[in-house]
Ligand SMILES: Cc1cc2nc3c(=O)[nH]c(=O)nc-3n(C[C@H](O)[C@H](O)[C@H](O)COP(=O)(O)OP(=O)(O)OC[C@H]3O[C@@H](n4cnc5c(N)ncnc54)[C@H](O)[C@@H]3O)c2cc1C
Ligand SMILES: Nc1ncnc2c1ncn2[C@@H]1O[C@H](COP(=O)(O)O)[C@@H](O)[C@H]1O
């Protein structure tokens with residue numbers, strides 16, 4: 001018996017969301033009195049033995065470069081073999097875009113019940129029950145999994161990373177890699193930015209900022225504190241900002257430690273993407289803006305007057321630090 | 001080309017979320033139901049556009065749900081589907097739903113099965129991948145663009161931190177999100193026409209669910225917003241730094 005964690009990599013580095021999954025998997029394994037193993041696909045440059053620090057005892061690698069590109073069908077077959085090799089009774093993914101593409105396939109392949117978007121450790125006091133976020137973050141559901149093998153896809157930013165010093169055994173797994181039926185003809189990555197779903201700090205702007213020429217109020221603050229930037233759908237639809245920044249019901253769902261919203265009304269569809277954020281700050285000139293009801297901190301005021309002062313204050317704080 | 005579009009019924013995006021029966025059931029009183037936005041705006045509308053470009057294309061709709069899903073599927077027919085199949089079952093287990101869809105898909109020998117990115121109520125993001133596995137087909141997740149030329153498709157899809165362009169031969173399963181198409185409003189002709197389009201209800205195949213909802217919970221209410229006066233924004237920065245320890 002073991003817990004197997006799938007670790008997603010980008011450009012040879014294990015993704016932060018996957019390290020969260022590793023720590024989560026290690027905790028699940030401890031609950032079950034077993035060990036957590038991991039599977040890493042494709043060529044990686046990270047020091048995999050260091051995954052021991054995240055609670056992983058053994059890392060299975062399949063370092064064929066064909067696996068540097070995600071093909072859900074191919075990955076599923078390889079992970080299924082790894083799950084059999086490590087006799088896994090629980091398989092953990094991050095519910096990031098990669099995890100979403102594979103976890104469900106694996107569930108169907110292994111007839112293993114899946115909880116996607118898990119936000120807490122399983123409750124094993126009476127069966128195997130995992131809490132997940134539902135209704136776009138407006139509620140949670142406890143899901144009972146009754147199958148021999150269980151699959152959990154963990155929401156990014158829902159479980160904190162803790163480390164202890166340990167070394168993992170790293171071993172190449174001998175598997176047959178099926179031919180891919182999908183050809184990748186192009187890749188475009190947003191350079192140098194933390195993907196929004198992984199960002200711990202997010203500064204976001206809405207239509208209240210009047211136009212793309214005013215986005216310095218968002219990006220200057222973001223740069224100062226190392227935050228990613230986001231926007232409302234209205235802003236993305238107006239092409240003031242790129243579509244990948246759009247958060248909400250029809251955009252990305254995020255759960256950063258800080259969500260700082262400037263000139264966003266806080267429509268229910270917007271909140272659906274950000275309501276799991278730990279601290280929400282709202283700058284809006286309308287005291288009746290619905291966003292204030294979901295906020296932890298706020299200023300009722302004109303962003304064009306307030307934001308330059310906030311940016312100055314943060315700059316001072318950073319230069320004193 | 002034969003396309004199967006998976007349509008699910010979800011509460012309107014502004015619906016009040018509450019539960020009954022000891023927090024085991026979603027409270028449907030006064031809830032407006034809609035076609036899951038991803039299924040409608042992206043999967044279905046893109047299928048309709050493909051049909052507009054290729055008159056020989058046929059669009060079938062499938063939903064797993066009770067008779068209360070009929071108005072939703074009629075609306076999808078009004079937008080532009082040709083025929084609809086409702087599998088008469090009420091389940092929230094993704095594997096159960098996917099198995100039902102896979103059975104219909106196998107039977108109909110479709111060139112493409114389209115789903116939305118996720119349902120906005122259960123947020124599984126799972127059905128498409130499961131259907132693909134059950135049919136042993138490639139699965140292109142989170143597609144933002146889809147073009148078809150002959151038996152080949154060119155697809156843009158979102159990956160972690162960017163986008164990828166893929167080519168894949170029909171048949172395959174694809175999950176659709178923003179970028180694929182724009183929302184459309186059904187017109188009078190579509191609504192009238194939908195009344196006479198075939199909507200067939202069939203019984204489900206026997207499948208065991210793999211998971212069950214035990215209970216729902218609403219998040220604890222927020223303590224309330226701490227407002228800082230507009231003439232002292234520095235105080236907000238201090239609070240975020242010292243109290244919230246946000247940066
Ligand atoms: C099915 C559906 C799905 C949707 N999905 C999404 C989604 O995923 N994400 C999303 O964001 N929206 C979504 N929407 C749209 C949503 O309902 C809102 O229309 C949208 O979020 C509004 O964007 P906004 O807050 O930027 O603009 P507005 O609603 O125009 O609000 C602008 C705000 O800025 C404030 N303001 C104006 N000037 C200033 C100033 N000088 N200083 C400070 N504040 C100022 C105003 O008081 C106002 O509150 C969806 C809608 C539907 C129907
Ligand atoms: N009951 C259902 N009937 C038909 N299609 C569904 C059903 N539930 C989900 N789907 C499809 O599967 C997609 C993903 O759903 P989910 O995995 O539940 O997030 C949806 O966008 C729909 O296209």
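Nothing in this text is a laboratory measurement; each read-out follows from the coordinates by a stated rule. From a predicted model like this one, the values you see are computed outputs, not experimental measurements. Every residue, glycine as well, gets a Cβ built from its backbone with ideal geometry; the counts of neighbours run over all protein chains shown.
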Using a Förster radius of 35 Å, what is the FRET efficiency between residue A:121 and residue B:136 based on their Cβ-Cβ separation? Nearest 0.05, please. 0.55
Between the alpha carbon centres of the stretch A:268-303 and the stretch A:43-81 the gap in Å comes to 40 Å
Using a Gaussian network model of chain B whose springs link C-alpha atoms within less than 10 Å, name the residue from B:127, B:202, B:97 with the highest mean-square fluctuation. B:202
Ignoring everything except DSSP H segments at least 4 long, calculate the 222 nm mean residue ellipticity for chain A; use -39,500 (n - 2.57) per segment, divide by total residues, nearest 500. -8500 deg cm²/dmol
Can you give the angle from 0 to 90° between the axis of helix B:94-108 and the longest principal axis of chain B, with both taken from C-alpha atoms, to the nearest 10? 20 degrees
Helix A:303-320 versus the longest principal axis of chain A: what angle, 0 to 90°, nearest 10, using Cα atoms? 60 degrees
C-alpha long axis of helix A:72-85 to longest principal axis of chain A, angle in °: 50 degrees
Given the options A:71, A:220, A:237, which has the most mean-square fluctuation in a GNM of chain A, springs set between C-alpha atoms less than 10 angstrom apart? A:237
Points 7 angstrom from Cα along the Cβ direction at residue B:18 and residue B:226: gap in nanometres? 3.2 nm
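Note the per residue figure in Å³ for the convex hull of the C-alpha positions in the stretch A:65-190.
In the stretch A:65-190, the Cα hull volume divided by residue count equals 170 Å³.
Averaged across orientations, what area in nm² does the convex hull of the alpha carbons in the protein assembly as shown project?
Mean shadow area of the hull around the Cα atoms is 25.9 nm².
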How far is the Cα center of the stretch A:214-239 from the Cα center of the stretch B:57-106, in Å? 39 Å
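Sequence gap at least 6, Cα distance under 8 Å: using those rules, report the relative contact order of chain B to the nearest whole percent.
The normalised contact order for chain B reaches 24 percent.
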Quick calc, residue B:189 & residue B:53: beta-carbon distance into FRET formula, R0 22 Å, rounding 0.05, result 0.65
Rg(Cα) / (2.2 N^0.38 Å) computed for chain A, rounded to two decimals: 1.07
Quick check on chain B: what are the equivalent-ellipsoid semi-axes from the Cα gyration tensor, as sqrt(5λ), descending, whole Å? 36, 24, 19
Once the Cα gyration tensor of the stretch A:201-319 is found, what semi-axes does its equivalent ellipsoid get, as square roots of 5 times the eigenvalues, in whole Å, sorted largest first? 19, 15, 15
Would you mind pulling out the separation of the Cα centroids of the stretch A:165-186 and the stretch B:174-209, in Å? 38 Å
Label-point separation (nm) for residue A:305 and residue A:210, each offset 7 Å from Cα along Cα-to-Cβ? 1.4 nm
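Taking every DSSP beta bridge that has both residues in chain A, what percent is antiparallel when rounded to the nearest 5?
Around 15 percent antiparallel, to the nearest 5.
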Mind giving me the FRET efficiency for residue A:43 and residue A:111? R0 is 35 Å, r the Cβ-Cβ distance, nearest 0.05 is fine. 0.65
Normalised by the number of residues in the stretch A:201-319, what is the relative contact order in percent for Cα pairs under 8 Å and 6+ residues apart? 24 percent
Value of relative contact order over chain A, rounded to a whole percent, pairs C-alpha under 8 Å and six or more apart: 14 percent
What does the average come to when, for each residue of peptide B:133-139, you count the partner chain Cβ atoms lying within 10 Å of its Cβ? 5
Report the label-to-label distance for residue A:219 and residue A:184 in nanometres (one decimal), using points 7 Å from each Cα along the Cα→Cβ vector. 2.8 nm
Could you work out, residue by residue across A:175-187, how many beta carbons of other chains sit within 10 Å of that residue's beta carbon, and then give the average as an integer? 4
Give the percent of DSSP beta bridges with both residues in the stretch A:2-172 that are antiparallel, rounded to the nearest 5. 25 percent
GNM, chain B, Cα, under 10 Å: largest mean-square fluctuation among B:143, B:206, B:78? B:206
